[in-house]
Structure formats: structure tokens, C-alpha cells
Amino acid sequence: MKNTVIICEGITDRDLISFFLTGTGDYELVHKHKKFGLEPNQSIITLKNTDNLISIISAGGKTRINGVLNKVLDLTILETKSEDLISKTIIFMDSDDDSSDKMKKLLDNRFEKINEWCSLKEQNKSFGLVTIKSMLITIPPDSDGAIEKFVINAFKNNGVEEETIVVELGNFLEKIKHVKYLRKNENAVDDPSNIRYRDKAKLGCLLSILSPEWSTANLSDKLKQIDWNKLSDFNCIYRKLSEI
């Protein structure tokens, strides 16, 4: 069985990526996780099918992704069972205003390119030199392809009531967009990163309205209704997940 680790910034990305994978493949949620030594505000979801075990980790912010990656690599160095070796890692990171060079510097300097596979080699104590196929995937803030916007649009197209909710939420958030809670940075209020931040807030509000009691089962049922196969057309970077 292959072992893959996906590292992203926050819980929203972690959960939506898991719904994408379960919605487009035969993955199922499992409750036994690999022990990466995560911090209390970092969390993990584990998916499994007959060929692959996928750990999806929320790092708790962009600057903390490298720390999680190092823990994954450290575990690879110490692993004594060949079937438990990590074979692939994928990192999802918001590009914000950062250049490609700055984003690569936030991670291991062996990441030479963005959105392409590279090889990280580690010296395992039992098996010698092992190779982990790895990729840094960046999400442009000025793109319509962010996963939150895809989910919002999917609900908007479900019916008149859903469309009304999405439109009214957009109008409301536009009125209060200057408040600090809706801004990711101190740039202009309509800086692309701040706009995407508002999309995250819009999605949270939308899910609260669709399931006021925030029942996990209800939210899961609603998210499962989305045609996740269309995400790869909405934003081609998610096609990379089909390569795991």
C-alpha cells in the first residue's frame, strides 16, 4: 500500500480536499492516524482505499507547513517497516503576494519548481536511501479556481433559495469588508488575498445557514451532494491529486 501525506494551511482546505477525494474516488474515512507528533492546533484526517493511505494535515498556517513537513521526513528516516514508508507528499499553499522563490524558501530548498513533482531523498536507518515524490501546489489569490469559490458556486447552482443566500451573503460581506476579521493582510481591502479570505467567510456563513445546528452529519450530506468531479475543470491544479 502507498502512503501519501497532504499538508495544507488550514482546516477548511483539509476538509474540502478530503471531500474532493472521497467524492471522486473510492476513499473512505478511517479513524486510525499515523503519529506525526502534531501540535494541539494542528489536525489530521486519514483516508484509505485498497491501494493508498492518505493523511491530510492542517498545519495551522503557512509558516508552520515546513515544520509539519520536517516531522513527516523525520518519521520516514526512522520507519522500520517498508510498507509504512511515506511515498508521496503534496503541499497546498496560498501564494498570496509571495513570489515563487519566497514560497519555495518557506519549505525545503529541494523544492526546485512549483506545481511539479520533485524528489526528496532521505537516509532511512533500515532501508538506506529512500525517495519521496513531492510537490508544492500554490493557489493564486486572484484566481477563480479556489476550492471555496467552487463549493459556493456549486451550492448557488442548486436552486433559487441557495442562489438567494449566496447573493445576499456577498452583498452583506461587501458592506463590512473593511473589518479586521475579514482581512488576511493590511493591503488594500480588495487585495486578492483579502478577497479570497472573504470567500472563506462566505462559505462558513453559507454552511451555517444550510445547517444551523452545525450537525456534522448534515454538513457532510450537503457537501457530498456536490459534483466534485467538476473541481478539476474549475481549477486544474486539483487534477494533481489524481496522481496520488
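The values are calculated or read from the model by the stated rules, or taken from the named source; none is laboratory data. Not measured: the values here are computed from a predicted model. Virtual Cβ from ideal backbone geometry, glycine too; neighbours counted across all protein chains shown. When the accessible area is computed, the model is the full protein with side chains, heavy atoms only, and any ligands, DNA or RNA have been set aside. Shrake-Rupley method; radii C 1.70, N 1.55, O 1.52, S 1.80 Å.
For His33, the accessible surface of its heavy atoms amounts to roughly 70 Å² (probe 1.4 Å, protein chains only, rounded to the nearest 10).
Determine the per residue accessible area of region 145-244 with all protein chains present and a 1.4 angstrom probe, expressed in square angstrom. If you can, show how the numbers build up before the last one.
On the way: 5630 Å² over 100 residues.
Dividing the accessible area of region 145-244 by its residue count gives 56 Å².
Where q = 0.09, 0.10, 0.12 Å⁻¹, what log10 of I(q)/I(0) comes from the Debye formula for region 33-174, counting one point per Cα? These q points yield log10 I(q)/I(0) values of -0.38, -0.47, -0.63.
For region 109-244, the Kirkwood hydrodynamic radius comes to 17.6 Å, computed from all pairs of different C-alpha atoms. With each label modelled as a point 7 angstrom along the Cα→C-beta vector, the Met1-Asn41 pair spans 3.2 nm.
Residue-normalised convex hull volume from the C-alpha trace of region 90-172: 140 Å³ per residue. Once the gyration tensor of the Cα atoms in region 1-91 is diagonalised, the equivalent ellipsoid follows with semi-axes of 19, 18, 10 Å, ordered largest first.
Working note: Debye formula, equal point scatterers on the alpha-carbon atoms of region 97-141, no solvent; log10 I(q)/I(0) at q = 0.15, 0.20, 0.29 Å⁻¹ is -0.44, -0.66, -1.04. Each residue of region 16-25 was assigned a 3J(HN,Hα) from its phi angle through the Karplus curve 6.51 cos²θ - 1.76 cosθ + 1.60 (θ = phi - 60°); the sequence is 5, 5, 5, 5, 4, 5, 6, x, 10, x Hz, with glycine and proline shown as x.
What dipole magnitude, in Debye to the nearest 20, does region 1-140 give about its Cα centre under +1 on Lys/Arg Cβ and -1 on Asp/Glu Cβ? Numbers along the way, then the final one.
Working: 19 positive and 20 negative charges, 94 e Å.
In total the dipole reaches around 460 debye.
Expressed as a whole percentage, what fraction of the accessible surface of the chain belongs to carbon and sulfur atoms when a 1.4 Å probe is rolled over the protein heavy atoms? Provide the component values of the computation, followed by the final result.
On the way: 6220 of 12430 Å².
Answer for the chain: carbon and sulfur cover 50 percent of the accessible area.
Note on region 55-117: Cα convex hull, mean projected area over all directions, 4.7 nm².
Here the contact order of region 111-191, divided by its residue count and restricted to Cα pairs under 8 Å and six or more residues apart, works out to 16 percent.
Go through Lys149/Lys180; Lys133/Lys224; Lys48/Lys81; Lys105/Lys240; Lys105/Lys180; Lys156/Lys177 and tell me which ones have a Cα-Cα distance over 24 Å in this structure. Before the final figure, lay out each step's value.
Details: Lys149/Lys180 21 Å; Lys133/Lys224 30 Å; Lys48/Lys81 18 Å; Lys105/Lys240 22 Å; Lys105/Lys180 28 Å; Lys156/Lys177 21 Å.
Exceeds cut-off: Lys133/Lys224; Lys105/Lys180.
Once C-alpha pairs closer than 8 Å and six or more residues apart are averaged by separation and normalised to the residue number of the chain, the relative contact order reads 18 percent. Taking GluC sites (Glu not before Pro) in DSSP loop states with no more than 12 other Cβ atoms inside 10 Å as exposed sites, the chain has its longest site-free stretch at 1-111. Each other residue within a Cβ distance under 13 Å of Leu29 adds +1 if Lys or Arg and -1 if Asp or Glu, for a net charge of +1. Put +1 on the Cβ of every Lys and Arg and -1 on every Asp and Glu Cβ in region 42-119; which of Asn52, Ser100, Ile86 then has its Cα farthest towards the positive end of the dipole? The one lying farthest along the dipole's positive direction is Ile86. Listed values for region 230-244 are Karplus-derived 3J(HN,Hα) couplings in whole Hz (6.51 cos²θ - 1.76 cosθ + 1.60, θ = phi - 60°), namely 7, 4, 5, 7, 5, 8, 5, 5, 6, 5, 4, 5, 6, 8, 8, and x replaces Gly and Pro. Matching the structure-derived Rg/Rh (Cα atoms, Kirkwood Rh) against the labelled list (i) 1.06; (ii) 0.98; (iii) 1.01 gives the label (ii).
To the nearest ten degrees, helix 147-156 and the longest principal axis of the Cα atoms of the chain are 40 degrees apart.
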